[in-house]
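Asker: First the structure, then my questions, so here it is.
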């Protein structure tokens, strides 16, 4: 079975502000304990030493819980850890990243709300494609651009897993899953919590949605 065929479920994405002050590891572990299947380490700072240290710790947690670590926009760090990689449209060449990381690595691509970008990403070796924003989000405020209908069109056109991202909540996720999303990427609806216990509860609730489909 190919790894990509197992890419289904909650996709947790870290946020350096939400997970500051010692919350990163306990909150991420709670999300993994609640069933998160992928974890994206997203930190746009230039503190390379801290980023390496945190990514190594997250890698250990992911291995313990049988989840996949994905590094946002840093192919060299992903290669160093043997982790996956997520690339935005401005983050460099997917085909170059595939050559660096090898054919087994999970590499995802941001496709906004455009099927042509998804087509290009798949042709360059993307393991999954990510569409959004579906709803207004705290991470990237602005008018939503993606629609549930886009997921249906993508599902008919592509065989790789499809990720929905952008302001997704427990209330809005079920329709996106029903329309074709294999992965639901969540930041605030998961990590803006008062405690690790609440993160785990939310993660489990998101994960349970996939059992219903």
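Laboratory data are not the source of any read-out in this text; all were calculated from the coordinates shown. Note that the structure is predicted; figures quoted are calculated from it, not measured. Cβ coordinates were reconstructed from backbone atoms using ideal geometry, including for glycine residues, and neighbour counts include every protein chain displayed.
Asker: Any chance you could get the radius of gyration and Dmax over the Cα atoms of the chain, in Å?
Answerer: 15.7, 44
Asker: Let me ask you something else. Grab the alpha carbons of the stretch 164-213, take their convex hull, and tell me the volume per residue in Å³.
Answerer: 63
Asker: Using 0.36 nm per residue of separation minus the Cα-Cα distance, give me the extension gain between residue 90 and residue 213 in nm, one decimal.
Answerer: Contour length minus Cα-Cα distance gives 40.9 nm.
Asker: Which of the peptides 14-20, 123-129 is most tightly packed, and how do the rest follow, judged by the mean count of other Cβ atoms within 10 Å per residue?
Answerer: So the peptides 14-20, 123-129, ranked by packing, come out 123-129, 14-20.
Asker: If we count other beta carbons within 10 Å of each Cβ, what is the order of 131, 206, fewest first?
Answerer: 206, 131
Asker: Can I ask one more? Counting DSSP beta bridges with both partners in the chain, what percentage is antiparallel, nearest 5?
Answerer: 0
Asker: Please report, for the Cα atoms of the stretch 20-100, the Rg to one decimal and the Dmax as a whole number; what are they, in angstrom?
Answerer: Cα only, the stretch 20-100: 12.6, 37 Å (Rg, Dmax).
Asker: Per 10 Å bin, what is the whole-percent P(r) computed from every C-alpha pair distance within the stretch 62-134?
Answerer: Using 10 Å bins, I get a P(r) of 22, 53, 23, 3 for the stretch 62-134.
Asker: Let me ask something else. So what's the back-of-envelope 222 nm ellipticity for the chain, counting only DSSP H runs of four-plus at -39500 (n - 2.57) apiece and dividing by all residues, rounded to 500?
Answerer: Taken over the chain, the calculation gives -12000 deg cm²/dmol.
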